[in-house]
Amino acid sequence: MGVEKELELPEHGLKRTLKDLFAGAVGGVAQVLLGQPFDIVKVRLQTTQHYSSALDAASKIYKNEGALAFYKGTLTPLVGIGACVSVQFGAFHWARRAFETQNTLKKNTHELSYGQYYASGAFAGIANTALSSPIEHIRIRLQTQPHGANRLYTGPIDCMRKLSAHEGVLAGLYRGTAVTFLREAQAYGVWFTTFEYLMNADAKRNGIKRDDVSTLKVAFYGGLAGEALWIASYPFDVVKSKMQSDGFHENQKYKTMRDCFAKTWRAEGMGGFWKGIGPTLLRAMPVSAGTFATVELTMRLIN
């Protein structure tokens, strides 16, 4: 009987995957509502030279465009990021369970190595890129467009149509996807690995099951994972933002990801790859904390 218990395989199937997707979608909505004001400041700092600091950017946005400007382009991420986080958690747990099954059959243990956690997170990021690349491109265009009568797009649908009209869907709407693949794989590999390490270490230290870790600690560990995510992937994000806010045709400054890296290095040095990191890290703690706490709480309720 003991051997049979050791070889019991993890839960698979459509029902399990739908639970993961639903919990991720709920977490995604929380992520957008918490993070959007920080995100617009980050994007403005990354893509323009108009602000001396995050505080300067926030105050000028508020003064010139009003409080609602901090939620410019929110409709797209509210729908899209909800879908993205749903895919992230669904893909991560699918890959994690595949590793658990493999480990159970080969080693009589469900436990993953941290290399396997990283691979599961990177898989989640890569799976997410097909959604996140165009969604973030649209959001960046809406966040960086001129205010008032000079604005270029009336909303996300108009933006999507105009981006596709410039150079087609792949070169227009999906501009910056190559660097998005790199950012997503690194970011979510580190994000999930950090969170799982902290959760497992807490459970082991206190002699409790993982599901018994308090919600407050889940939020704290999730916040720390968010800091690790951005520190590990931020230069990729800067290049992505530059490419996705760039002009078209004769006004295009960056032809490829490599060209953008090279021109940023020549013009701004190493510091150019870290512009906007302050508000990003400030945003990462509450946003990632809220995401993981919401997902974990939702999972515990539906399970």
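The values are calculated or read from the model by the stated rules, or taken from the named source; none is laboratory data. Fair warning: this is a prediction, and the values are worked out from it, not measured in the lab. Because the Cβ atoms are built from the backbone with ideal geometry, glycine has one as well, and the counts that use them run over all protein chains shown.
Things worth noting here:
- Only a single criterion out of (1) in a helix (DSSP H, G or I); (2) at pLDDT 90 or above; (3) surrounded by fewer than 19 Cβ atoms within 10 Å (Cβ to Cβ) is not satisfied by residue 111, namely (1).
- Here residue 233 passes the criteria (1) among the polar types (S, T, N, Q); (2) within 23 Å of residue 33 (Cα to Cα); (3) in contact with a Phe, Trp or Tyr (Cβ under 8 Å, 6 or more places away or on another chain) except the one numbered (3).
- Picking from residues in segment 176-195 that are touching a Ser or Thr at 6+ places or on another chain (Cβ under 9 Å) and closer than 17 Å to residue 293 by Cβ, the one that is surrounded by the fewest Cβ atoms within 10 Å (Cβ to Cβ) is 195.
- All conditions but one from (1) more than 18 Å from the chain's Cα centre (by Cα); (2) under 30 Å from residue 245 (Cβ atoms) apply to residue 89; the one that does not is (1).
- Looking only at residues in segment 31-89 that are aromatic (Phe, Trp, Tyr), assigned to a helix (DSSP H, G or I) and modelled with pLDDT of 80 or more, the one that is nearest to residue 293 (Cα to Cα) is 89.
- Test result for residue 231, among the aliphatic types (A, V, I, L, M) and farther than 22 Å from residue 276 by Cβ: no
- For segment 133-175, the candidate set comprises residues that are at pLDDT 90 or above, within 21 Å of residue 28 (Cβ to Cβ) and in contact with a Cys (Cβ under 7 Å, 6 or more places away or on another chain); within that set, the residue that is surrounded by the most Cβ atoms within 10 Å (Cβ to Cβ) is 138.
- Within segment 40-79, being under 15 Å from residue 146 (Cα atoms), charged (D, E, K, R) and surrounded by 12 or more Cβ atoms within 10 Å (Cβ to Cβ) holds for 44, 60, 65, 72.
- Checking each residue in segment 89-128 for being touching a residue at least 60 places away in the same chain (Cβ under 8 Å) and basic (Lys, Arg) picks out only 97.
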